[in-house]
Amino acid sequence: MSKSSLFENFESLSAKAWKQKIQFELQGNDFNEHLVWNSIEGIDVKPFYHSESYSKAPSIQQNATDWNIGHSIYVNSIQKCNIHAIDLIENGVESLHFTLPTDEISLEKLLKNIDTSKIPIYFEPLFISKKLALTLNTYTVNHNASFYILNDPIGHLARSGNWHKNLTSDLDHLKQILVTGPDLKSVLSVDLGLFQNAGGSMIQQLAYTLAHANEYLNLVNEKSLKSIVFKVSVGGNYFFEIAKLQAVRVLWQSLTKEYGGSIDCHILTQPSRRNKTIYDYNTNMLRTTTECMSAILGSSDTIINMPYDHLYHKDNEFGDRLSRNQLLILKNESYFDAVSNPTEGTYYIETLTHQLAQKSLELFKEVERQGGYLKLLKEGLIQRKLKEHAQKEQRIYDEGHEGLLGTHFQKNASDKMKTELELYPFLKQQTRKTLLEPIIPRRISEKIEQKRLKDE
């Protein structure tokens, strides 16, 4: 029997027929009350999705087979970082992410014996510098390298409450970088993960990210932009997170179309910190595995996994190896590199993508009507809205409607962590002068964990 005729002997069923059958099995109970649930994003999730009620999703570029296993390195000692990077590549890492505290680095030493024509590299500076862009561009030309600079002065303002120097200076530097780095893959990034880790809804994450990116399109010459890197944090809501990643591309495509051009959307994804715990820490591996699966199916370009002990241990070989192996197993043993667009035609995911994109677009338009992202950030409206949703989400967990394994339920009373903490895993309070209130990431389990540590 041919594949084309495989299902010809089965009678097709309408959505009405499915609902009638379900209604019969409910024995008089209300369909909407018992089987339709409302997500925290305000989206009604149905028990089934049918082609009759499905509208074709926008066509977007997706290639779930072409994703890189990434790894982050904070550059303190250049020689040690180089040795570490080579070791990572030899053990399966396909892309590197360097955090740079200063522009006084030797690229030749940092990248010694690394084939930069085959290994894409992201440089995330804790500053903004024309010098870095010039150095990286020259290296790119000479070595046929694939380099991305994750410059994001507006994101720095949102995260820290201050510009690197001031608005005029930061934007002047950014404009110079755009001219200085024409051969770089990208010189600009937008951090969606900040909103996610601060407790924002998916709609807020998408809308504020779009508004954030739109500020750059208004402030610099958009024709000089080839690509923007979107840094995305993925949480535990499996199907919604797949849809969120796809919605990023849908929304970005729609926005750039309005400017009369096409700017590439490059997605760098990491698991969220918001749902990670220090107690029953091995469950973090379960969380990051499903989050990485969402990242793959949502068509991320590079995925950097989070070690299970990231919150309370310093960087260590064991944690790094486990996090890397999670991605290696997904890619090489679980066939997550075998299908280019595995979610195409899945009515549920594509419906979610459409709904998230629509709701986010409405909020984006409201932000623009009120003056744009920067204006609302300075007024504190963005921060206030994120806090409101974070508090709503926190109440859901505190009241037991949802929970984290090992923290809210199935607790191990004998689990002791006080002597295991190499790093402080909670929000640090620091008094300093800022231009505006920063957006503060906070984990859901912090309050419970602090109490348990106190009681040990």
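State whether one or more residues within the stretch 328-343 are buried (at least 23 other Cβ atoms within 10 Å of the Cβ) and in a helix (DSSP H, G or I). Taking every residue of the stretch 328-343 in turn, none turns out to be buried (at least 23 other Cβ atoms within 10 Å of the Cβ) and in a helix (DSSP H, G or I). Just one residue in the set Ile263, Ile228 is modelled with pLDDT under 95 and either of a type outside the set (A, V, I, L, M, F, W, C) or under 20 Å from the mean Cα position of the chain (by Cα) (or both); that residue is Ile263. Scanning the stretch 419-449 for residues that are surrounded by fewer than 16 Cβ atoms within 10 Å (Cβ to Cβ) and within 11 Å of Tyr279 (Cβ to Cβ) gives a single hit, Glu420. Test Glu94 against the criterion of being at pLDDT 95 or above and acidic (Asp, Glu), and give yes or no. Judged against the criteria, Glu94 is a match. For Gly161, the conditions (1) touching a helix residue (DSSP H, G or I) at 6+ places or on another chain (Cβ under 9 Å); (2) crowded, with 16+ Cβ neighbours inside 10 Å; (3) over 29 Å from Gly260 (Cα atoms); (4) touching a residue at least 60 places away in the same chain (Cβ under 8 Å) all hold with the exception of (1). Figure legend. Inter-residue proximity from the stretch 129-156: first residues in contact (Cβ under 8 Å) with a residue 60 or more places away in the chain and closer than 30 Å to Tyr373 by Cα, second residues aromatic (Phe, Trp, Tyr) and buried (at least 20 other Cβ atoms within 10 Å of the Cβ), beta-carbon distance below 8 Å, spacing 6+ or different chains. Indicated pairs: Tyr148/Tyr122; Tyr148/Phe123; Leu150/Tyr122; Leu150/Phe123; Ile154/Tyr216; Ile154/Tyr373.
Sub-7 Å Cβ pairs linking a first residue in the stretch 2-21 that is at pLDDT below 90 to a second residue that is polar (S, T, N, Q), at least 6 apart or interchain, are Ala15/Ser53, ordered by first then second residue. Is it fair to say Met306 is of a type in the set (A, V, I, L, M, F, W, C) and either under 22 Å from Glu449 (Cβ atoms) or touching a Cys at 6+ places or on another chain (Cβ under 7 Å) (or both)? In short, yes.
Taken over the stretch 111-134, the criterion of being surrounded by 17 or more Cβ atoms within 10 Å (Cβ to Cβ) and outside any helix (DSSP H, G or I) is satisfied by Leu111, Ile114, Thr116, Ile119, Pro120, Ile121, Tyr122, Phe123, Glu124, Pro125, Ile128, Ser129. Just a yes or no: is a residue in the stretch 93-106 surrounded by fewer than 18 Cβ atoms within 10 Å (Cβ to Cβ), among the polar types (S, T, N, Q) and in contact with a Lys or Arg (Cβ under 8 Å, 6 or more places away or on another chain)? No, the stretch 93-106 contains no residue that is surrounded by fewer than 18 Cβ atoms within 10 Å (Cβ to Cβ), among the polar types (S, T, N, Q) and in contact with a Lys or Arg (Cβ under 8 Å, 6 or more places away or on another chain). Residues that are under 20 Å from Ser360 (Cβ atoms), crowded, with 19+ Cβ neighbours inside 10 Å and out of contact with any Lys or Arg (no Cβ under 6 Å at 6 or more places or on another chain) within the stretch 249-288 comprise Arg249, Val250, Leu251, Trp252, Thr256, Ile263, His266, Ile267, Thr269, Ser272, listed in sequence order. Against the numbered list (1) more than 27 Å from Gln355 (Cβ to Cβ); (2) modelled with pLDDT under 95; (3) surrounded by 19 or more Cβ atoms within 10 Å (Cβ to Cβ), Pro307 comes up short only at (2). Under the condition of being of a type in the set (Phe, Trp, Tyr) and more than 26 Å from the chain's Cα centre (by Cα), the residues counted in the stretch 397-456 number 1.
Could you tell me whether the stretch 172-182 includes any residue that is under 25 Å from Gln270 (Cβ atoms) and in contact with a His (Cβ under 7 Å, 6 or more places away or on another chain)? Show your work before the answer.
Step one: list which residues in the stretch 172-182 are under 25 Å from Gln270 (Cβ atoms), which gives 174, 177, 181.
Add one more test, that the residue is in contact with a His (Cβ under 7 Å, 6 or more places away or on another chain), and what stays is none.
The answer is no, given that none of the residues of the stretch 172-182 is under 25 Å from Gln270 (Cβ atoms) and in contact with a His (Cβ under 7 Å, 6 or more places away or on another chain).
Of the residues Ser39, Ser77, Ser106, the single one that is in contact (Cβ under 8 Å) with a residue 60 or more places away in the chain and either in contact with a Cys (Cβ under 9 Å, 6 or more places away or on another chain) or of a type in the set (Ser, Thr, Tyr) (or both) is Ser39.
Per-residue answers, yes or no, for (1) part of a helix (DSSP H, G or I); (2) within 28 Å of Asn218 (Cα to Cα); (3) modelled with pLDDT of 95 or more; (4) not small (Gly, Ala, Ser):
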| residue | (1), (2), (3), (4) |
| --- | --- |
| Lys109 | yes, no, yes, yes |
| Tyr148 | no, yes, yes, yes |
| Arg159 | yes, yes, yes, yes |
| Lys165 | no, yes, yes, yes |
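None of Gln383, Gln370 is surrounded by fewer than 17 Cβ atoms within 10 Å (Cβ to Cβ), modelled with pLDDT of 95 or more and either among the polar types (S, T, N, Q) or closer than 14 Å to Lys276 by Cα (or both) except Gln370.
Within the stretch 212-248, restricting attention to residues that are of a type in the set (Gly, Ala, Ser) and in contact with a Lys or Arg (Cβ under 9 Å, 6 or more places away or on another chain), which residue is farthest from Leu184 (Cα to Cα)? For the stretch 212-248, the residue satisfying everything is Gly236.
The values are calculated or read from the model by the stated rules, or taken from the named source; none is laboratory data. All of these numbers come straight from a predicted model, not from anything done at the bench. Using ideal geometry, Cβ is built from the backbone for each residue, glycine included, and neighbour counts are taken over all protein chains shown.
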